[in-house]
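The values are calculated or read from the model by the stated rules, or taken from the named source; none is laboratory data. Remember, it's a predicted structure, so these values are computed and weren't measured experimentally. Here the Cβ is made from the backbone with ideal geometry for all residues, glycine too, and neighbour counts use every protein chain on show.
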Amino acid sequence: MSLHEGLDPAGDPSALADCVEAIAARADKAAFAQLFSYFGPRAKAYLMRLGLNAAQAEELTQDVMVTVWRKAASYDRRQASVSTWIFRIARNRRIDLFRREQRANLDAHDPGLIPLAQIAPDLAAEAADMETHLRTALEQLPVEQRDLIRAAFYEDLSHSQIAERTGIPLGTVKSRLRQAFIRMRLCLNAETTAGAGGEL
């Protein structure tokens, strides 16, 4: 008999956390079925309150629960309840869907989408220099900070999305990004000062 067989996790945060940990530890399908039964209708209702129609909410709920199965190992009961964790995943999926819809609805005649005029050679050279400085500063960062910077700016992920993807606590993500910005600023200032000195 499975550890979770016959257990109704409703209203029992500890039992819900046990289910997630069972999925992470041994891909426990019975535990996942209980989570799905409990959170499926609740996640769908939550997504509909966020403005989705029933079909969209149903499809996104499936995606949320697949994420729960795949990311179970990243869950930490010390950081959040299972409900908080799952509804955060649902909210992030809703945000992702909204962004996709916004990109799909872009107006081809929007002035913001019209290519810029040819950049003057001196400005192009200055921009290329700045790009070089930024890449140099980025490469000097510790790997964990460099990866977060790339996720935030090259992939346009929010702090919460980065935390979800990496399994790093949200507070740690913010702290590492803040430290990375400080390091990059110091590096850029040093290069600018050195460059100015070389021109004298």
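State all residues of segment 144-183 that are assigned to a loop (DSSP other than H, G, I, E, B) and of a type in the set (S, T, N, Q); if no residue qualifies, say none. It would help to see each step written out before you state the result.
Just the residues of segment 144-183 that are assigned to a loop (DSSP other than H, G, I, E, B), to begin with: 155-158, 167-169.
S158, the sole residue that qualifies.
If you check every pair at least six apart or on different chains, which have Cβ atoms under 8 Å apart with a residue in segment 133-144 that is assigned by TED's automatic domain parsing to the domain that holds R176 and at pLDDT 75 or above first and a residue that is assigned to a helix (DSSP H, G or I) and of a type in the set (G, A, S) second?
L141/A180
Please identify the pairs in which a residue from segment 53-73 that is farther than 18 Å from S83 by Cβ and among the charged types (D, E, K, R) has its Cβ atom under 8 Å from the Cβ atom of a residue that is modelled with pLDDT of 90 or more and surrounded by 14 or more Cβ atoms within 10 Å (Cβ to Cβ), counting only partners at least 6 apart or on another chain.
E58/K44
Of all residues in segment 76-92, which are more than 18 Å from F32 (Cβ to Cβ) and part of a helix (DSSP H, G or I)?
Hits for segment 76-92 are T84, R88, R91, N92.
All but one of (1) modelled with pLDDT of 65 or more; (2) hydrophobic (A, V, I, L, M, F, W, C); (3) under 30 Å from M48 (Cβ atoms) hold for L188, so report the exception by its number.
Here L188 clears every test but (3).
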